[in-house]
Amino acid sequence: MKHEFIPYFIHCITNMHVGSGDANYGVVDKLVQRDPVTNYPTIHPSSLKGALREHFELQPGWEKNGEKINTVFGKEAIGGSDSETGEYKFLGADLVSLSVRCNFQQYVMALNKTQADLLNQKTDLLVQKKIFESIEAATQLFYKANTPDYEIFAEDIKITTKAAHQKVLKAKSGLISFDEKYAIFTDEDFKTFTKNLPVIARNYIEDGTSENLWYEEIVPHQSVFLTFIAETDTTLRTDFEKILNESLVQIGGNATIGYGLCKFYKITF
């Protein structure tokens, strides 16, 4: 069966915590999933597929263990029966951009040349296209309006160079995150941002008393990931893509407090 890899941007509408199950035995009790090579935040394939399956099972005509669900995601083992693989394949999601607090219009979309080049290489192998324009390695802010005439800082990192907005994406998707402003950071600065993610205190109230206080990492809202879904040319494809592009998908934990709401954007060239 022929598969076609379709790239999607995943835009975090709210903060997201896709837990790794690990703790650092220090300040942070719950860590996010990270790429084993780059150590950047990621979404593992099993977590992404599970979130999408749960989302689609709530859609009309896509009931749990129904024909559509089983065709796309695979048949689960029920009552001693064997599980079966689905027709679609789901790759993990790589970090594209992290939203970083900035004294210029609240935050900036942080990009990195090395990471963009790696994602271009991956996209070229899977779909024979490139997503990003060639970008420089130097730390630089690109803005569209309201020329900043003061010193710009992203967290505690000073941005020394400012330039008029330039197109950073070769592809089309409907994602407008990079249309107004973004900044490119050196490898070292980008690693600092991705290593030191925001940490939020969580607690549980029982009988009016705060219990079980813990701390967990989050990927901040407005951050962007890139994933690929290998789709087959079936009658379900149009329906699948319509649902995925038109609705919000909850990924990771803490759904009851609004974590993990994400918008998928299909990428075209």
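Please treat every number below as a calculation from the coordinates, not as lab data. This one's a predicted model, so the numbers in the text were calculated from it and none came from an experiment. FYI the Cβ positions are ideal-geometry reconstructions off the backbone, even for glycines, and counts take in every protein chain you see.
Could you work out which residue, out of Tyr40, Tyr259, Tyr215, moves most in a Gaussian network model of the chain, that is, has the largest mean-square fluctuation with Cα springs under 10 Å?
Largest GNM mean-square fluctuation: Tyr215.
Once both axes come from the Cα atoms, what is the angle between helix 45-56 and the longest principal axis of the chain, in degrees from 0 to 90, rounded to 10?
70 degrees
Select from Met16, Ala154, Ile131 the residue farthest towards the positive end of the dipole of the chain; place +1 on Cβ of Lys and Arg, -1 on Cβ of Asp and Glu, and compute about the Cα centre.
Ile131
Checking the a/c ratio against 1.5 first, then a/b against b/c, what shape does the Cα gyration tensor give for the chain?
Here the chain falls in the oblate category.
Under 10 Å, Cα contacts only: if you run a Gaussian network model on the chain, which one of Leu125, Leu31, Leu248 comes out with the highest mean-square fluctuation?
Its mean-square fluctuation being the largest, the pick is Leu125.
Filter the cross-link list Lys129/Lys181; Lys75/Lys195; Lys68/Lys122; Lys195/Lys266; Lys68/Lys113 down to pairs whose alpha-carbon distance in this structure exceeds 32 Å.
Lys75/Lys195; Lys68/Lys113
Residues with beta-carbon under 11 Å from that of Thr232, excluding Thr232: net charge, scoring Lys, Arg +1 and Asp, Glu -1?
-1
How much mean residue ellipticity at 222 nm does the chain get from its helices, if each DSSP H run of length 4 or more adds -39500 (n - 2.57) and you divide by all residues, to the nearest 500 deg cm²/dmol?
-6000 deg cm²/dmol, from helical runs alone.
Remind me, relative contact order of the chain in percent, using alpha carbon pairs under 8 angstrom and six or more residues apart?
Averaging sequence separation for qualifying contacts and normalising by length gives 34 percent for the chain.
In what order do Ser247, Ser99 fall by count of nearby beta-carbon atoms within 10 Å, going from fewest to most?
Neighbour counts put them in this order, fewest first: Ser247, Ser99.
Straight-line reach from Lys263: which aspartates and glutamates have a Cα under 12 Å away, not including same-chain ones fewer than 8 places off?
Straight-distance partners of Lys263: Glu246.
For a footprinting-style exposure proxy, rank Ile243, Ile251 by other Cβ within 10 Å, fewest first.
Ile243, Ile251
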